[in-house]
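What follows is calculated from the coordinates using simple rules that are stated; it is not laboratory data. Computed from a predicted structure; not experimentally measured. Here Cβ is always computed from backbone atoms with ideal geometry, including for glycine, and neighbour counts include all displayed protein chains.
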Amino acid sequence: MDADVSDSPPTPAEPDRPDDSAGGGSAGGSPDASGAAPRDDTPAEDPQERTAGGSAPASDEADGGAADGTWSERPAREGRRHWLRWTALAVSFLVLVGAGVGWWLYRKLDGNITTDTGAAAELKAYEKDRPLPIARDAQNILLIGSDTRSGENSAYGRDDGGSQRSDTTILLHLAADRRSATAVSIPRDLMSEIPSCHTADGKTTKEQFAQFNWAFELGGTACTIRTVEKMTGIRVDHHMVIDFNGFKDMVDAVDGVEVCLKEPVDDKDAHLKLPAGRQDLDGEAALGYVRARKSIGNGSDTERMDRQQKFLGALVNKMQSNGVLLNPTRLYPVLDAATKSLTTDPGLDSLRDLYDLVRGMRNVPTEKVQFLTVPRREYRADRNRDELVQPDADRLFAQLRKDEPVAVVPAEKANSGDSQADHSSGKDPSGEKPGDTDGSPTPAPTYSGSNAADDPCGT
């Protein structure tokens, strides 16, 4: 008796037997592997039923029929695919255009900056005489305002053959942690030791004791930097020279800066006529305001420097409080104005370098952006000149060299006497003699100055 097919394993195929896979049986119509003959009563399949049951005929697939949906959905899907392709192309085009415009703007700003290679070469020649940096990651940048009357600046005075002196010089110290910035003004009439320098025509000047701004006229930026380093013992890491028109354009780019005048001003030489009180100055008026001397206050250069410091503080405050540094559409005009009239050393002569510098200062609180002038008094041999007050000046320079905090308070709060430091008679504030080890530690001196958070009217 034959075993039931369900209880026995399938019969192995013979080696010389034809393949049955196409027809489900042998070529001669023999029974299938189970041994059962095909049944004659099996009804034929209806093609319509197969389609309704979800199994489309092979011919439908070959004709492009949608296996995942009905024929009525096909035009909608094709339309969506068409729209997505065009959207992708449009977005790609806009990205390319945006990148091209961004690159063009970057190249334009980058090309505005002038590199001072001459000063870099001069400083390299005197490298052995320069002070070494002490505080790691702190930076000292010398800002020089040029008073040349040549070119577009001729409207502000007589052109004396292209000669120039440093109208304003500020040593900007950026703390290593970038949580404070201290700007120290150096009076142009300060009597200083000016080292031997090379002039523009290759001649060598003699070392001399003269007013500070002669250094810029004699040997340009490099001579000014070496004079500052000799005076302070502070290594100058970078420098920037900006002219009158650059300053004007920067003020206009931030829509003016607010100042406060105690009395009205009418100065024909400075092209300045202003009422008393609180007011916004555009670039032209701002330039006259920071440069005027005899028509405002007591006419001293000391008061003019104080006015410049407060104006720069107001400018910094305006840029931070109005979000200029974080808004590309507002920052671009400021950068364009600044770079057009900016001459820097090779370490700051690209937009990337300047951006890194600005980004590092962006988080400095306005009350920690401080302005002061080196401790000075009238020069005993000439009342029209200044001299440093010691040991106050050396103490300030030592604090900056070591990246120590500098305390600044308004002039009316500082008990300075002849000095700007808050201690008596220019002596050590501890009241002890040199070499004494007893007593309380020497308190840090406080200097007369201002910060960017100060209200221009003092209210």
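Of note:
- 18 Å reach of a label modelled at Cys457, 7 Å along Cα-to-Cβ, counting backbone N of region 245-270: 257-265
- Stretch gain in nm, segment Glu303-Asp237, where the contour uses 0.36 nm per residue and the Cα spacing is subtracted: 20.9 nm
- Net length gained if the chain between Asp269 and Gln390 were fully extended (0.36 nm per residue, minus Cα distance): 40.0 nm
- Per residue, the Cα convex hull of region 195-273 amounts to 188 Å³.
- With R₀ fixed at 41 Å, the C-beta to C-beta distance from Thr199 to Glu258 puts the FRET efficiency at about 0.45.
- Cα centroid of region 373-414 to Cα centroid of region 163-227, whole Å: 17
- Two-site label geometry, Gln279 and Glu217: point separation in nm, points 7 Å out along Cα→Cβ: 3.3
- Take the Cα of Ala381, step 7 Å toward its Cβ, do the same at Arg136, and the gap between the two points is 4.4 nm.
- Loop-located trypsin sites (Lys or Arg not before Pro) in region 367-408 (DSSP state not H, G, I, E or B) with no more than 14 neighbouring Cβ atoms inside 10 Å: Arg380, Lys402.
- In this label model, Thr114 and Arg179 are separated by 4.0 nm, measuring between points 7 Å along each Cα→Cβ vector.
- Candidate lysines - alpha carbon under 27 Å from Lys268, same-chain residues fewer than 8 apart omitted: Lys248, Lys294, Lys310
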